[in-house]
Structure formats: structure tokens, C-alpha cells
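The values are calculated or read from the model by the stated rules, or taken from the named source; none is laboratory data. Predicted model, so just to flag it, every value in this text is computed and none were measured. In this analysis, Cβ positions are derived from the backbone assuming ideal geometry, glycine residues included, and neighbour counts consider all displayed protein chains.
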Amino acid sequence: MLVWLAPVFVLGIVVFVHEFGHFLAAKAFGVYAPRFSIGFGPAIAKKRIGETEYRIGILPIGGYVRMASRLDETSAALEGGGELVADADNLDPNEMIPFGSKPVPEDRWFESKSLFARLVIMLAGVTMNVLLGWAINVTLVKTYEHAATSRLSLVVADKPAALAGFQQGDSIVTVNGAPIGGWDDFVDVVKRSSGVPVAVGVLRGTSPLTLNVTPVSDTSTDPATGTVSREGRIGVAAGQSANTVGFGRAVVDGSNATVDMATLVFTSLRRIATRQTSVTELGGPILIAQSSVQAARQGGSVLFYLIALLSVNLAVFNLLPVPILDGGQIVVQVVEAARGQPLSDRARENVARVGLALILALFVMVTFNDIKRLVVGVVAGHAG
């Protein structure tokens, strides 16, 4: 039963971390933030601490931080806000603590801060998403990844290694007369040596042997970039030690996994932009919900991997120069700094409307894709 709550858990964490990043940065630079909400709609629980009201909305997917920002006011309808510039006659003083019905001091507005401070606040959300993905990846690597030993656990029949006399249990000690630092060093030499004989020193029990093997060329596709390359293979696999990798190795591998996630998103966007991939392949909220439930059924590690993937995806998506997204707001800030004056309120509203229209159009499209997949799946199931 609890697995059906997985979509709320997954999206809640990803969005909460994003908005919390904006909130922390705003606080750090002295921007007035009267509300931090997890979820949208009427509050089912709320508590004011200092000048900020912390609340949980009735719709738990998503969230927002309200800041003293004229840019924020243009999208207030999305968040149920708008209290900062409300008419004084209709203003609830409790919504404006600690200022009551008085105007928010000029130095507490987002727009009063330096360009550097504004950019940091806007980038804080995506930064927190990347850090969340990185932290999860490092933790998963440290918890589940075991160090590869130089002892062979598998020798594939009729492949170069088997033909050269390698046996399961052999330990690799040298390559072309030079000691190896570990399994990865051996793999690197093999990959670079397609068609070139390699002298491999092994220990078979206590007996040292030298076996000559010539790697064959094989095709490899990088899942992150889609790049196809050819590299040497000999048909062996390493065993694993009983111990997980050290923290330093976990940081390196977790960082590489995070970079691969981000690269995969950029690559997918590029392929869509160049029409190498159809927009019909894009997934939306239904697909995310399905993936969350499936991941929860497979275990905690799979579920948290999905959270890391979605968190990095959200970071990259938010950097797109689309109005109302972080990337679009950053563009606005840079343009205003270059002009030496802010855009008019009408221009800001028009920009926000364009961005909202684009996001809604994307939402409708990906939701249609999700529904189409469901229908096709049901029809195929009945046909089978």
C-alpha cells in the first residue's frame, strides 16, 4: 500500500530541496521571505517562526518560497500569494509579520540586492538539486559498490582470453612487464590495445605465468552522450572484494554518476532540438508516478536512485532560458543589468505569461504521451 505514496515522496523531496535552496539563499542575503510552503493550496498545518510562516499545503506535490520580489508577484497566482503588494485596506497584518501593514523595507526586497546576490539566489535551487543527486549517488556507491579485484571471476569461452589460456581464478599482476595498480588499470590497457598483443602476467595459485593475448575490437555506446566508440575486449570479468569501496572512491564514482545524469539530460534535449528524438518519447507526471511505484517495489536503493535522477533532471530543466523557470529569470536579471533599468511591470507580466504558456503546453504534451502509453499498454495486454 505504501508504494502508492512513492510519487508524493519522490516529487516532494526533489521540489522541497529545490525551493529550500532558494529560501536559504534569500535568507542569507537578507531578502524578506514571509512564507515557505511544502505543497500548494490551503494549509493543513502551519507555524510561524520569526518572520516566516512554514506551512504544508493540501496538495503535497511541489512547494514554493514567497520572497519580497516584484518578479515573484507576477507569478503569485501560481502560489496563492500576492500578499506583499496587496492593497493596504485588504492587507492582513498577520501575513506581513514583522512589518504589519507597513511597506516592506526597500533593503529587504529581492530587487534591492546586487546582481551577484540575485543570481546566487536564483541558482541556489538547481545547486541544491545537483547536491542532492550527488549526495545520493555517493551514498549508493559507498553502500553497494564493491571494489573490483584483479582476480578473474569469469573467462568467456572462445574469446581472446580463453584462447590465450586464461582461467577463472587467475590474478592479474602485470601488463607488458609493468605492475598494475588495480583492475581499472588493466581494463584501460585492454581498451586501448585493440588488435595489439598484450603480455599479461598472472598468478595461478602460487605459480607466475605470462600469457599473450590480443584484444579484439568491440563497439561501445556511452549511455550519457550516445557516442559510439570502439575499444579492445578480451572476454573476462573481475571478482569483487568483500568490502565496499572507500569514501574517496565513492566520491569520485558518485560525482561521475551525477555528471553522467546531467549529460544525459543535455544530450536528450539536443537530440529533441535536432529532431533525432521525437517529442512523443517525453514522459510526464504519470510516467514519473509509475516509475516511482516500480522503484519503491524494487527497494530503497532503486527509489533513491530515481530521486537522484529526477533531482538532476529538474536542475538542468530549470536552467533552460524559459520565463518563470530559474534560467529564464536569470536571463531577465542579466538583461536588466545590461539595460541599467528594470523591465516594466507589464513587460514582466507578459514574460511570465509566455513562460507559463510554454510550461503548460509542455505539461499537456507529456501528459498526453503518458496517457497514450497507458492506452497502448492496455490494448496490447488485452491483445496478448
Quick one: is Val17 assigned by TED's automatic domain parsing to the domain that holds Met128 and modelled with pLDDT of 80 or more?
yes
Out of Leu119, Leu131, report the one residue that is under 17 Å from the mean Cα position of the chain (by Cα) and either surrounded by fewer than 18 Cβ atoms within 10 Å (Cβ to Cβ) or not in a strand (DSSP E or B) (or both).
Leu131
Going through the stretch 267-292 one residue at a time, which ones are loosely packed, with under 14 Cβ neighbours inside 10 Å and either assigned to a helix (DSSP H, G or I) or touching a strand residue (DSSP E or B) at 6+ places or on another chain (Cβ under 8 Å) (or both)?
Arg270, Ala273, Val279, Thr280, Glu281
Thr263: closer than 16 Å to Ala135 by Cα, surrounded by 15 or more Cβ atoms within 10 Å (Cβ to Cβ), of a type outside the set (A, V, I, L, M, F, W, C) and not assigned by TED's automatic domain parsing to the domain that holds Phe317, yes or no?
no
Of all the residues that make up the stretch 178-195, how many are touching a residue at least 24 places away in the same chain (Cβ under 8 Å) and either assigned to a loop (DSSP other than H, G, I, E, B) or outside the structural domain of Arg233 (by TED's automatic domain parsing) (or both)?
5
Any idea which of (1) at pLDDT 90 or above; (2) more than 30 Å from Gln341 (Cβ to Cβ) is the one Val120 doesn't satisfy?
(2)
Flag for Ser150 being of a type in the set (Ser, Thr, Tyr), buried (at least 17 other Cβ atoms within 10 Å of the Cβ), in contact with a strand residue (DSSP E or B) (Cβ under 9 Å, 6 or more places away or on another chain) and closer than 15 Å to Gly205 by Cα:
yes
Here is a check on your reading of the model: is Ala315 aliphatic (A, V, I, L, M), in the same structural domain as Val14 (by TED's automatic domain parsing) and crowded, with 19+ Cβ neighbours inside 10 Å?
yes
What number of residues within the stretch 293-328 satisfy the criterion of being at pLDDT 85 or above, in a loop (DSSP other than H, G, I, E, B) and closer than 18 Å to Ile136 by Cβ?
0
I'd like to check something: does the stretch 295-307 contain any residue that is of a type in the set (D, E, K, R) and surrounded by fewer than 14 Cβ atoms within 10 Å (Cβ to Cβ)?
yes
Scan the stretch 335-350 and give yes if some residue there is assigned by TED's automatic domain parsing to the domain that holds Gly283, of a type in the set (Val, Ile, Thr) and either in a loop (DSSP other than H, G, I, E, B) or touching a helix residue (DSSP H, G or I) at 6+ places or on another chain (Cβ under 9 Å) (or both), otherwise no.
no
